[in-house]
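*Asks:* Handing you this structure, nothing more for now.
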Amino acid sequence: MRLVFAGTPEVAVPALDALIASDRHEVVAVVTRPDAPAGRGRRLVASPVAERAAEAGIEVLKPVKPRDEDFLARLREIAPDCCPVVAYGALLPKAALDIPAHGWVNLHFSLLPAWRGAAPVQHAVLAGDEITGATTFQIEQGLDSGPVYGVLTEEVRPTDTSGDLLTRLAFAGSGLLAATMDGIEDGTLEAVPQPEEGITLAPKIEVEDARIDWTAPALRVDRLVRGCAPAPGAWTVFRGERLKVMAAGPAAGYDGPALAPGELAATKKTVHAGTGSHPVELLWVQPQGKKPMRAADWARGVRIATGERLEG
C-alpha cells in the first residue's frame, strides 16, 4: 500500500522505521506537527519524525491544522491507501479521514477501551496496572473509540517509569502496526468494535497533577513519581521553592525515626521523606533552576534541619 505516516515525537520513530523497512508498503509522505521552539535559545526545531523522514528522503507535510485546505489538497494528490498514525498530536477532521481508501489507523499505547486519551501509559502507571499493551484501531470522530485491528500486551514492572514503559511499547508496537498494515492490504484483518464495558479515560497529566501529596500512602507517592517521569515530573516545595522528585522508591529496611508526612531525614548516603504510611527514599531531585542531582548530594548542600518538611 501507499502510506502516509502521521506522527510527531521520538516515540513514533520506531513505527516509522518499521514501515520504511517493509517490503510490502511504501511510505510516500509523513504528516507531523510544525517546527516548535526548543532549548535555551528557543530556536525552531523539527520534530523527531520530520527529521527521520527527511533522512529517508520522504516528503514531509507540516500543516498548522489538519483541516487546512492546502494540506487536504496535497493529501488528495498523494492519494494514500492508508494513513498509519502514532502520537501525531492533533485531531483529524472528517475531510482528512475520508481521503485514504483504508482510512487512518492509530497505534495507541493501551489495551482499549482502557485509557482512551492523551496519556495512556502515565495513567497505567499511576493506577498501578500490572498489564498494559498497545492497540491498532481505525480512527473515527470519537476519542480513541474506533474498531480494533490488533493488540499486544506488556507487563508493567514494579520499577517502571512512564518513559521506560513507553519505550518498550513503542518498539513492540511498531511490529504490531506493520503487521496491521499487512493484514489490511491482503484482506485477512477485519476491525472489531470495542466493548462498551471497561472504558477509562487518560487525559494529559498537567503540572499541577504532578504535585506530591505527602499525606498519601507511600505506594501512591511511588506511582506518582514513576508515572510522571520523565514528564511533567513529580514535584514538591522545599523552603518556598519547587523541587522536582525525579526518582524515589520504597524505603526498604528503613530504621530511622518515625517521620510525619513530608518530614525529611538525611544521612550521608540517603534521604527519606515521610508519607501517609511509611517513608520513601528520595534518589534523584532537581532544585529549581539547577540540574538534576543525587538526593544525598542535594541534602548535604542545603543542610536539612531536624523536623524540616517538604510541602505537599
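*Asks:* Probe radius 1.4 Å, ligands and nucleic acids ignored: give me the carbon and sulfur share of the accessible area of region 215-312 as a rounded percent.
*Replies:* On region 215-312, the fraction of accessible area on carbon and sulfur atoms equals 53 percent.
*Asks:* Taking the Cβ-Cβ separation of Leu189 and Arg242 as r and a Förster radius of 51 Å, what is the calculated FRET efficiency to the nearest 0.05?
*Replies:* Step by step, r from the Cβ atoms, then E = 0.60.
*Asks:* Follow-up question, since we're still on this one. Under the Kirkwood approximation applied to all pairs of distinct alpha-carbon atoms, what is the hydrodynamic radius of region 1-127 in Å?
*Replies:* Averaging 1/r across every pair of different Cα atoms and inverting gives 15.3 Å.
*Asks:* At 1.4 Å probe size, with every protein chain present, just tell me what the per residue accessible area of the chain comes to in Å².
*Replies:* Per-residue value: 49 Å².
*Asks:* If Rh is defined by the Kirkwood formula over all Cα pairs and Rg also comes from Cα, what ratio Rg/Rh do you get for region 233-312?
*Replies:* Reported Rg/Rh, Kirkwood definition of Rh: 0.91.
*Asks:* On the accessible surface of region 13-138, probed at 1.4 Å, how many percent belong to carbon and sulfur atoms?
*Replies:* The nonpolar share, carbon plus sulfur, comes to 51 percent.
*Asks:* Taking amide H positions as placed 1.01 Å from N in the peptide plane, with prolines and chain starts having none, which residues 5 or more places from Arg211, or on another chain, fall under 5 Å of its amide H?
*Replies:* Trp235
*Asks:* How much of the DSSP beta bridge set in region 1-55 is antiparallel, as a percent to the nearest 5?
*Replies:* 40
*Asks:* Taking only the alpha-carbon atoms of region 156-312, what semi-axes of the equivalent ellipsoid follow from 5 times the gyration tensor eigenvalues under a square root, in whole Å, largest first?
*Replies:* They are 40, 16, 14 Å, listed largest first.
*Asks:* On to the next question. Quick one: if you stick a label point 7 Å off each Cα along the C-beta vector at Val207 and Lys290, how many nm between them?
*Replies:* Label at Val207, label at Lys290, 2.0 nm between them.
*Asks:* Between Thr200 and Ala36, with labels modelled 7 Å along Cα→Cβ, what's the label distance in nm to one decimal, could you check?
*Replies:* A separation of 2.6 nm, rounded to one decimal place.
*Asks:* Grab every C-alpha pair in region 92-159, bin the distances at 5 angstrom width from 0 up to the longest one, and report whole percents.
*Replies:* For region 92-159, the pair-distance distribution reads 4, 17, 26, 20, 14, 9, 5, 3, 1.
*Asks:* Here's something else I'd like to know. I'd like the distance separating the alpha-carbon centroids of region 22-91 and region 122-179, in whole Å.
*Replies:* 22
*Asks:* Counting DSSP beta bridges with both partners in the chain, what percentage is antiparallel, nearest 5?
*Replies:* 70
*Asks:* Oh, and also: In terms of modelled amide H atoms, which long-range or inter-chain residues lie less than 5 Å from the amide H of Glu154?
*Replies:* Thr132, Gly133
*Asks:* Taking amide H atoms as placed 1.01 Å from N in the peptide plane, list the residues 5 or more away in sequence, or in a different chain, whose amide H sits under 5 Å from that of Met246.
*Replies:* Answer set, sorted by chain and number: Trp284, Val285, Gln286.
*Asks:* When only alpha-carbon atoms count, how far does region 89-128 stretch along each of its three principal axes, as whole angstroms with the largest first?
*Replies:* 40, 17, 12
*Asks:* Now a separate question. Counting pairwise Cα distances across region 99-249, what percent come out greater than 20 angstrom?
*Replies:* In whole percent, the long-distance tail amounts to 52.
*Asks:* With N set to the number of residues, divide the alpha-carbon radius of gyration of region 1-55 by 2.2 N^0.38 Å and report two decimals.
*Replies:* Relative to the 2.2 N^0.38 Å estimate, region 1-55 comes out at 1.23.
The values are calculated or read from the model by the stated rules, or taken from the named source; none is laboratory data. Predicted model, so just to flag it, every value in this text is computed and none were measured. Neighbour counts are summed over all protein chains in view; Cβ atoms, including those assigned to glycine, are modelled from backbone coordinates with ideal geometry. The area values use the complete protein model at the heavy-atom level, side chains included, leaving out ligands, DNA and RNA. Shrake-Rupley method; radii C 1.70, N 1.55, O 1.52, S 1.80 Å.
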